[in-house]
Amino acid sequence: MDIDPVLLARLQFAFTIIFHIIFPSFTIGLSAYIATLGAMWLRSGNDRYHQLMRFWTKIFAVSFAMGVVSGIVLSYQFGTNWSRFSVMAGNVVGPLIGYEVLSAFFLEATFLGVLLFGFNRVPPWLYILSAAIVAIGTAISAFWILSANSWMQTPSGYEVRGGVAYPADWLAVIFNPSFPYRFAHMLNAAYLPTGFVVLAVGARYLVAGQHIEEGRIMLRMAIGLTAILAPLQLLLGDQHGLNTLQHQPIKIAAMEAHWDGSKPGDFHIFAWPDEKAGENRFAISIPRGASLILTHHMNGLFPGLGSVPASQRPPVTIVFFSFRIMLAIGFFMIGAALFGAFLWWRSTLFDTRWYLRIMAQCWWIGFVAVIAGWVVTETGRQPWIVQGMLRTADATSPVPGETIAATLALFVIAYGVVFSVGIYYINRLIAQGPTGPIAEETGHFSSSPISAAGHTAVRQT
């Protein structure tokens, strides 16, 4: 059977990075939440903040470990499946990824050890400082990774000699035209999944009648965060979209399924893009809505998909629906957060059972939004792996399709096991709650962050 190695290489990278992106997007926000809890404990002396800090640190440790394991594979794929990309762009992208390891990962790993095992072993101020440094490290990690990825979207500050890109101006490379918008949008997006996970756990406790005070603290802090960041994400997304229109107009055309650039663009609430016919079927649209959003004028024009040959268009259907999934979840987050803030203002937040039951089941929505946004960004860039410089089809390694298919199958199995075990232990930690027996008996963290979950598993069986 003839298997397309380019397609398989893309599927393998997509699978591994979709799995991986869940954990950094969670740990970036969770580390900041842990540091905030620590600061509140240090300032107020309220031991509940300390218990919550230690509780979420255990969950952070499991998530961080799964993120590290899944991320290592991505680096190897640059050599095994994308060697031509590494040759062409390695002089630019390689150092940026290296800076992430040197300036962020080592920082996180070092002070995470203090955070995990330092309680009752170091002064409280150093214990809290370690949490803050871990949070800073995760943000620095996002800085470098987003810089590298943004350069692939809007390359600048380089020169090409012999078919190889060399950095000519590192500041222009790092702060390329799309980087500020993408960094702000993605960093804010990383805090929202954490906010909704904390909100869901707090609601779960209140519905179950367990850990009432801790659940109320989690609810108040999560709603206070998401009520600000969810609407802010809409504004950041708008600015990011305008920047994308300037530098990658065909990606925007795919997001809007806009074919004819000579006419104002409608915003399609739903449609089925027919890529062969170059039109939309079953469209439910807001007339001129896309033009109003993108150009701020009802009659504004922007390039359509018909302005380039079919070979230079991304897969429109995938980009179109992924963008709408991201939008739908984003508006749900805004509504849920603002309604929660309204209930809090009315002093009925903890008594509105139907709202708590819904929120208790919404822990996953932020992760789906992040994945959908990634699909829009990366798929919308096609057929380029480095915009305007290197096509994806020309960037792969000369590896047989059967070999890639075999490793992809192994990745699916291995990642499925890792993900299942990780979610199992995280759920056990949540079931145990922030006042579990391990903390009460030892007064400090166990040598294994997931040992408390194992204890709970034995106790409940």
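The values are calculated or read from the model by the stated rules, or taken from the named source; none is laboratory data. Bear in mind the structure is a predicted one, so any value in this text is a computation, not a measurement. Ideal geometry is used to build each Cβ from the backbone, glycine not excepted, and the neighbour counts take in all protein chains shown. Side chains included, ligands, DNA and RNA excluded: accessible areas come from the protein's heavy atoms. Shrake-Rupley method; radii C 1.70, N 1.55, O 1.52, S 1.80 Å.
Within the accessible surface of the chain, defined with a 1.4 Å probe on protein heavy atoms only, the carbon and sulfur portion equals 67 percent. The distance from the alpha carbon centre of the stretch 124-139 to that of the stretch 345-422 is 28 Å, rounded to a whole number.
Taking trypsin sites (Lys or Arg not before Pro) that fall in a DSSP loop and have at most 14 other Cβ atoms within 10 Å as cut points, what is the longest piece of the chain between them?
The longest such stretch corresponds to 122-275.
Annotation for GLU402 and LEU126: the two label points, set 7 Å from Cα along the Cα-Cβ direction, are 5.9 nm apart.
Give the value in nm², to one decimal: projected area of the alpha carbon convex hull of the stretch 273-397, averaged over all directions. Working shown, then result.
Numbers: hull surface 47.2 nm².
Average of the hull's projected areas for the stretch 273-397 equals 11.8 nm².
Kirkwood hydrodynamic radius, computed over distinct alpha-carbon pairs, for the chain: how many Å, to one decimal?
23.7
At an R0 of 35 angstrom, the distance between the Cβ atoms of LEU410 and LYS263 translates into a FRET efficiency of 0.10. One Cα centroid belongs to the stretch 197-234, the other to the stretch 37-67; the line between them spans 15 Å.
The label-point distance for ALA310 and ALA139, in a model that sets each label 7 Å from Cα toward Cβ, rounds to 4.8 nm. Using equal-weight Cα scatterers in the Debye expression, the normalised intensity of the stretch 101-226 in log10 at q = 0.12, 0.17, 0.19 Å⁻¹ is -0.68, -1.00, -1.09. The residues of the stretch 67-120 present an accessible area of 44 Å² per residue when probed at 1.4 Å with all protein chains retained. Note on VAL6 and TRP344: their simple-model spin labels are 5.0 nm apart, each label 7 Å out from Cα toward Cβ. Using 17 Å as the cut-off for backbone N distance, which residues of the stretch 169-189 belong to the label zone defined by a point 7 Å from the Cα of LEU242 along Cα→Cβ? Counting backbone N atoms under 17 Å from the label point, the list is 177-185.
Stretched out straight at 0.36 nm per residue, the stretch from LEU301 to PHE117 would grow longer than its current Cα-Cα span by 60.4 nm.
A 1.4 Å probe run over the protein chains yields, for the stretch 184-333, 43 Å² of accessible area per residue, whole-number rounding. Could you list the residues of the stretch 22-36 with an amide nitrogen less than 16 Å from a label point located 7 Å from the Cα of LEU234 in the Cα-to-C-beta direction? Within reach of a label on LEU234: no residues.
What is the gain in length, in nm to one decimal, between GLU159 and VAL368 on full extension, counting 0.36 nm per residue of separation less the C-alpha to C-alpha distance? Write out the running numbers ahead of the final one.
Numbers: separation 209, 0.36 × 209 = 75.24 nm, distance 3.74 nm.
The GLU159-VAL368 span can extend by a further 71.5 nm.
Hydrophobic, long helices, defined as DSSP H runs whose alpha-carbon span along the helix axis is 30 Å or greater and whose mean Kyte-Doolittle value is at least 1.0, occur in the chain at 5-44, 124-153, 316-345, 401-432.
With 0.36 nm allotted per residue and the present C-alpha distance subtracted, the ASP169-ALA277 stretch has 34.5 nm of extension available.
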